[in-house]
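Undergrad: Dropping the structure in here first, questions after.
Every number in this text was worked out from the coordinates using simple rules, so none of it is lab data. Please read these numbers as outputs of a predicted model, since none were measured by experiment. Every residue, glycine as well, gets a Cβ built from its backbone with ideal geometry; the counts of neighbours run over all protein chains shown.
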Amino acid sequence: MAFENLTSRIKNTVNNFKEDQAQKKINEEARKQKIISGQIEPIQVIVNLEPSENAFAEFVAKRMAIVDNVIENTVSRSKKKGVITRAVVGGVLLGPLGAVGGAATAGNKGTSRTSQQTISKLEIIDNGSLVLTNKRIIFLGRSTLTLPYEKLLSVSFGKTLLGNKLVVKYDGMLKDEHFILNGEKAKDIELYYHGINKHLLLDKISVNR
């Protein structure tokens, strides 16, 4: 009887766990569907927004780009020249002490060559936050970058070891410029982007990218 009771409790625990996981999955799908369908409440942000403009999502972000650093390398070569000749001349004119003095007056004749090398490296160029409104993408860091949706060439999403990746292509962008998003909401960047662009744009024009 004790064994049967133990078995029954184990089965109940397993079934409860499965039901709980299934309910969490249903809730998660409902949450995602709510975002992508545009059922998003406006949020408060520190940037000044335009009339009728609302912010709907904000993410911790790093602005990344390839930076070219120029490094100068200088190679110097020196060669002591004329020591023996000067010593001999000094010896003839001044005797033994003159020979030592003549050697001491010998100088170095050298050449140097400087070359430049450009090293390209992906670097964090700014830290801040990325805000999605119903009109534009705004990056707030040491400087502010404003990207209206209608001027974007393309938008793509991905994942890296550093976090969720957002690539926004626009005229004048830096080399391999992109954003790395971190935090609990970072995984939802694509959902928010499409939800806002399909249902909440200020000018009601869908941006399908």
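Undergrad: How large is ³J(HN,Hα) for each residue in region 60-76, as worked out from phi by the Karplus curve 6.51 cos²θ - 1.76 cosθ + 1.60 (θ = phi - 60°), to whole Hz, x for Gly and Pro?
TA: 5, 9, 10, 8, 10, 6, 7, 10, 8, 10, 9, 10, 9, 10, 10, 10, 10
Undergrad: Would you please give the residues with an amide H less than 5 Å from that of ALA57, counting only those at least 5 places away or on a separate chain, with H modeled from the backbone geometry?
TA: The list, which skips near neighbours in sequence, is LEU132.
Undergrad: Enumerate the aspartates and glutamates that LYS175 could reach by cross-link, defined here as Cα to Cα under 12 Å, with residues fewer than 8 away along the same chain left out.
TA: Excluding near neighbours in sequence, the set is ASP68, GLU123.
Undergrad: List the aspartates and glutamates whose Cα sits under 20 Å from the Cα of LYS187, skipping any in the same chain fewer than 8 residues away.
TA: In chain and number order, the partners are GLU28, GLU29, GLU41, GLU58, GLU177.
Undergrad: What list of ³J(HN,Hα) values in whole Hz, one per residue of region 3-20 in order, does the Karplus curve 6.51 cos²θ - 1.76 cosθ + 1.60 (θ = phi - 60°) give from phi, with Gly and Pro shown as x?
TA: Calculated HN-Hα couplings, in order: 5, 5, 5, 5, 4, 5, 5, 4, 4, 5, 5, 5, 5, 5, 5, 5, 5, 5 Hz.
Undergrad: Each label point is 7 Å from the Cα along the Cα-to-Cβ direction; what then is the distance between the points at LYS151 and HIS199, in nm?
TA: About 2.8 nm separates the two model spin labels.
Undergrad: What's the extension gain from SER37 to GLU53 if we count 0.36 nm per residue and subtract their Cα-Cα distance?
TA: Result: 3.9 nm gained on full extension.
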